[in-house]
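I have placed the structure first, in the form of structure tokens, so that the comments after it can refer back to it.
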Amino acid sequence: MNIDKAITEMQAVLGERLSTKKSDLDFHGQNEAYYPFTPPDAVAFVQSTKEVSDIVKICAKYDCPITPWGVGTSLEGHALPIKGGLTIDFSQMNKVVKVYNEDLNVSVQPGITREELNAELRTTGLFFPIDPGANASIGGMTATRASGTTAVRYGTMKDNVLALEVVLADGRIIRTGTRAKKSSAGYDLTRLMVGSEGTLGIITEITLALQGQPEATAAAICDFPDVESAVNTVMMAVQMGVPIARIELVDSMMIRAINNYSKLDMVETPHLFMEFHGSDVGVAEQSETMKSITGEFGGGEFQWSTKVEERNRLWAARHNAYPAARGLKPGFTGLTTDICVPISQLAKAIGDSEQDIADSGLLGPILGHVGDGNYHATLLVDADDLEMIATAKGVAHRMAERALAVGGTVTGEHGVGIGKMKYMQQEHGDGWSVMADIKRALDPQNILNPGKMVQVN
Ligand SMILES: Cc1cc2nc3c(=O)[nH]c(=O)nc-3n(C[C@H](O)[C@H](O)[C@H](O)COP(=O)(O)OP(=O)(O)OC[C@H]3O[C@@H](n4cnc5c(N)ncnc54)[C@H](O)[C@@H]3O)c2cc1C
């Protein structure tokens, strides 16, 4: 009833951009994982911060839940409106607000995707380095504290967001942070909002740090007899401070999947995919260092290239790993895990996961952002087979438990959403109830993405 009243009032603000069309509701009720279809009651296609503030005030008046939506690539059902209500879709707030060339930063609206942003930056000599594989929105990436293949060199969203504009649950519009490189002024509200998954505020503008486009880029791959040798190579590279831009582990089963999907003929053993950024001399030096480290740990041929086509071919194969993995079992879906451990624990953690997956009878190729101690198994399941899903969840659960036992986390980059809620108490202890206190202070009616991140009732 209240939601109907909220919808009527919001229609007066947004007109046709407040949609209750079945196709719009259905689109915003699905997700990249296996969580049940959960459509909202209405979708708002907003175009300005003021509109967001106006509709949030209406939702607050009627206790109407609000779930922000970037492009819906999150993997734990984050953007599913599990309590119904309104989804705010940011696809029409996708502009670059201003590029500050000399300061190496940019302000953007939340709906711009990372590929759109980099296309806009191409002529400036700058680029935004965070790459979660999917062409996610900058708002969604900020809200999930995303990272990906380049985090080993450039950090995660927490390191690259300088400032935010945020609409709070009562409709107030605040600014957090500044464009200065550092600040000691007060609580760090920017970092509080980064990773808050739409539960503390709605992000309407983001100021990001940028990097200069490297003069030279080189790519390399190398095969290894086993995962341990590959991980030891990475550990040595990290300990020596090689400024490698990407270093990705791909296990034997994933190599098989990639060979099939991308029509390649790599030997079916674990591989490292690497990328180097810098000057011509710098990338050559980094590559030489990595070549000698890979040799030390039993690596095979070190294939290295600065040619654009060759680099693109290699990294396209890596970037297509998810559809490639799904190609191992056509018709199945992927249940993706995401643990992160201290790097000294990584080889054992991956070995234990591989053994557990083999024992379960499932197919579950693994790849990892190993420079950060973060890896994913894509457990292939028939979405209609409840027993198989339970088996996969068992494997994922044991991975999470093992990560916590060695001082790691249940999610390195995908975030909490629905799937990781059950581990929050275990990972954070009393810290989790402090998170609930923060939620109560900023969203006392619990209207922002309710049912996620914390327990407030
Ligand atoms: C094939 C594949 C590979 C992936 N690989 C990686 C990877 O390597 N690393 C990684 O980090 N992630 C990875 N992801 C996950 C995904 O891309 C990220 O979670 C992404 O950051 C989500 O962005 P989005 O625009 O899709 O957000 P959505 O899925 O739309 O939303 C995600 C969350 O953010 C909230 N949100 C969205 N916009 C706002 C806003 N403006 N204000 C407040 N809250 C908001 C939503 O409510 C939701 O809780 C992968 C996904 C896929 C499908």
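State the number of residues belonging to region 189-226 that are over 20 Å from residue 303 (Cβ atoms), of a type in the set (S, T, N, Q) and touching a helix residue (DSSP H, G or I) at 6+ places or on another chain (Cβ under 7 Å).
Residues meeting the conditions: 4.
So, of the residues in region 33-54 that are in contact with a Ser or Thr (Cβ under 6 Å, 6 or more places away or on another chain) and part of a loop (DSSP other than H, G, I, E, B), which turns out to be modelled with the lowest pLDDT?
34
So which strands (runs of 3 or more DSSP E) are wholly in region 277-373 and hold at least 1 residues that are surrounded by fewer than 20 Cβ atoms within 10 Å (Cβ to Cβ)?
Correct list: 302-305, 333-336.
Which condition breaks for residue 233 when tested against (1) touching a Cys at 6+ places or on another chain (Cβ under 9 Å); (2) modelled with pLDDT under 95?
Going through the list (1) touching a Cys at 6+ places or on another chain (Cβ under 9 Å); (2) modelled with pLDDT under 95, residue 233 breaks only (2).
Between a residue in region 184-211 that is more than 14 Å from residue 141 (Cβ to Cβ) and any residue that is near the ligand (Cβ under 9 Å from one of its atoms) and among the charged types (D, E, K, R), which pairs come within a Cβ distance under 6 Å, given they are 6 or more apart or on different chains?
Between residues of region 184-211 that are more than 14 Å from residue 141 (Cβ to Cβ) and residues that are near the ligand (Cβ under 9 Å from one of its atoms) and among the charged types (D, E, K, R), the close pairs are 199/452.
Under the condition of being touching a strand residue (DSSP E or B) at 6+ places or on another chain (Cβ under 6 Å) and not in a helix (DSSP H, G or I), which residue from region 20-32 is surrounded by the fewest Cβ atoms within 10 Å (Cβ to Cβ)?
Across region 20-32, the extreme among qualifying residues is 20.
Restricting the search to region 276-300, which residues are closer than 19 Å to residue 255 by Cβ and without any contact (Cβ under 8 Å) to a residue 60 or more places away in the chain?
Those that are closer than 19 Å to residue 255 by Cβ and without any contact (Cβ under 8 Å) to a residue 60 or more places away in the chain: none in region 276-300.
How do the strands (runs of 3 or more DSSP E) wholly within region 152-255 filter down when requiring 1 or more residues that are within 13 Å of the ligand (Cβ to nearest atom): which remain?
On the way: elements: 161-167, 173-177, 202-209, 216-223, 246-250.
Once the strands (runs of 3 or more DSSP E) in region 152-255 are filtered for at least 1 residues that are within 13 Å of the ligand (Cβ to nearest atom), what remains is 161-167, 173-177, 202-209, 246-250.
Can you find, within region 400-451, the residue that is surrounded by the most Cβ atoms within 10 Å (Cβ to Cβ) among those that are at positive phi and away from the ligand (no atom under 12 Å from the Cβ)?
Only one residue fits best here, namely 446.
Only helices (runs of 4 or more DSSP H) wholly contained in region 384-445 count here; list those with 2 or more residues that are charged (D, E, K, R) and either more than 21 Å from residue 148 (Cβ to Cβ) or at pLDDT below 95 (or both).
Values: elements: 386-405, 424-428, 431-442.
Qualifying helices (runs of 4 or more DSSP H): 386-405, 431-442.
Strands (runs of 3 or more DSSP E) wholly in region 55-103 with at least 1 residues that are more than 12 Å from the ligand (Cβ to nearest atom) and farther than 17 Å from residue 202 by Cβ - which ones?
Once the strands (runs of 3 or more DSSP E) in region 55-103 are filtered for at least 1 residues that are more than 12 Å from the ligand (Cβ to nearest atom) and farther than 17 Å from residue 202 by Cβ, what remains is 96-100.
For region 128-149, which residues satisfy the criterion of being more than 6 Å from the ligand (Cβ to nearest atom), polar (S, T, N, Q) and either without any contact (Cβ under 8 Å) to a residue 24 or more places away in the chain or buried (at least 23 other Cβ atoms within 10 Å of the Cβ) (or both)?
If the condition is that a residue be more than 6 Å from the ligand (Cβ to nearest atom), polar (S, T, N, Q) and either without any contact (Cβ under 8 Å) to a residue 24 or more places away in the chain or buried (at least 23 other Cβ atoms within 10 Å of the Cβ) (or both), then 142, 149 are the ones that fit.
So which residues in region 104-137 are touching a helix residue (DSSP H, G or I) at 6+ places or on another chain (Cβ under 6 Å) and in a strand (DSSP E or B), if there are any at all?
108, 127 - these are the residues of region 104-137 that are touching a helix residue (DSSP H, G or I) at 6+ places or on another chain (Cβ under 6 Å) and in a strand (DSSP E or B).
Would you check which residues across region 1-19 are outside any helix (DSSP H, G or I) and exposed (fewer than 13 other Cβ atoms within 10 Å of the Cβ) and list them?
1
Under 9 Å between Cβ atoms, which residue pairs at least 6 apart in sequence (or on different chains) link something in region 15-39 that is over 23 Å from residue 381 (Cβ atoms) with a partner that is surrounded by fewer than 18 Cβ atoms within 10 Å (Cβ to Cβ) and of a type in the set (Val, Ile, Thr)?
none
The values are calculated or read from the model by the stated rules, or taken from the named source; none is laboratory data. Nothing here was measured: the structure is a model prediction, and the numbers come from that model. Every residue, glycine among them, receives a Cβ derived from its backbone with ideal geometry; neighbour counts consider all protein chains shown.
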